[in-house]
Amino acid sequence: MRLIGKALDLYCQLAKALAVLCMVVMVVLVFGNVVLRYGFNSGIIVSEELSRWLLVWLTFFGAIVALREHKHLGVDMLVQRLSAPMKRVCFVLSHLLMLYASYLLLEGSWRQVLITAGDRAPATSLSVGFFYASGVVFGVSAMLILGYDLLRAVTGEAGEDELIAIRDSEEG
């Protein structure tokens, strides 16, 4: 089980690096476009479209990392007051619901990839399916992360402190 956790951590390091790459490319494209427009009455044609796509991918990469690190927003006021067995029940139920939501996102995104795979974006001429593939990547990643956390909770490997699925920034 530890090996799976290490693999997920490594995967999230890759997701962080890809998020940084998306941000850097976005900054270069947008800043370069502004300089070219105002300084040279020119511009980068693909800048706006590609920046929009990169923002979507950046958001999903960040969501993958946040899910793995339990950094999503949440209210744990009630769960903190529950006994350990009830915390486990709430954890399992919430993860089952999140797994279902991730499955729906994955299924919908995959359908959109198939529907739009032959369509070309106006400025970049890239397949529009690539845009929707970000949802597929997130859906699969989220289901793996949630499944791993759920398995740890069901088998009793997760400690009581890990059964609260969110962590405050002060807690690290």
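The values are calculated or read from the model by the stated rules, or taken from the named source; none is laboratory data. These numbers were taken from a predicted model, which means no experiment stands behind them. Because the Cβ atoms are built from the backbone with ideal geometry, glycine has one as well, and the counts that use them run over all protein chains shown.
Points worth noting:
- Selected residue [assigned to a loop (DSSP other than H, G, I, E, B) and over 23 Å from the mean Cα position of the chain (by Cα)] from 122, 85: 122
- Taking the range 127-138 as the range and being without any contact (Cβ under 8 Å) to a residue 24 or more places away in the chain and either more than 15 Å from residue 49 (Cβ to Cβ) or not hydroxyl-bearing (Ser, Thr, Tyr) (or both) as the test, the residues that pass are 128, 129.
- Residue tally, condition in contact (Cβ under 8 Å) with a residue 24 or more places away in the chain and more than 21 Å from the chain's Cα centre (by Cα), over the range 88-119: 2
- Taking the numbered list (1) farther than 26 Å from residue 49 by Cα; (2) in contact with a helix residue (DSSP H, G or I) (Cβ under 6 Å, 6 or more places away or on another chain); (3) surrounded by fewer than 20 Cβ atoms within 10 Å (Cβ to Cβ) in turn, residue 117 passes all entries but (1).
- Residue 84 being in contact with a His (Cβ under 6 Å, 6 or more places away or on another chain) and within 26 Å of residue 5 (Cα to Cα): no
- Candidates are the residues of the range 90-102 that are exposed (fewer than 14 other Cβ atoms within 10 Å of the Cβ) and closer than 17 Å to residue 162 by Cα; the one that is modelled with the highest pLDDT is 96.
- Hey, residue 21 touching a residue at least 60 places away in the same chain (Cβ under 8 Å) and over 26 Å from residue 98 (Cα atoms) or not: no
Per-residue answers, yes or no, for (1) basic (Lys, Arg); (2) at pLDDT below 95; (3) surrounded by fewer than 16 Cβ atoms within 10 Å (Cβ to Cβ):
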site	(1), (2), (3)
4	no, yes, yes
13	no, no, yes
29	no, yes, no
41	no, yes, yes
47	no, yes, no
53	no, no, no
71	yes, yes, yes
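- Hits in the range 135-172 (condition: polar (S, T, N, Q) and either on the phi > 0 side of the Ramachandran plot or modelled with pLDDT under 90 (or both)): 155, 169
- The range 1-52: number of residues that are farther than 18 Å from residue 67 by Cα, in a helix (DSSP H, G or I) and of a type in the set (A, V, I, L, M, F, W, C): 17
- Qualifying residues in the range 139-157 (those that are over 15 Å from residue 7 (Cβ atoms) and free of Cβ contacts under 8 Å to residues at least 40 places away in the same chain) - the one surrounded by the fewest Cβ atoms within 10 Å (Cβ to Cβ): 156
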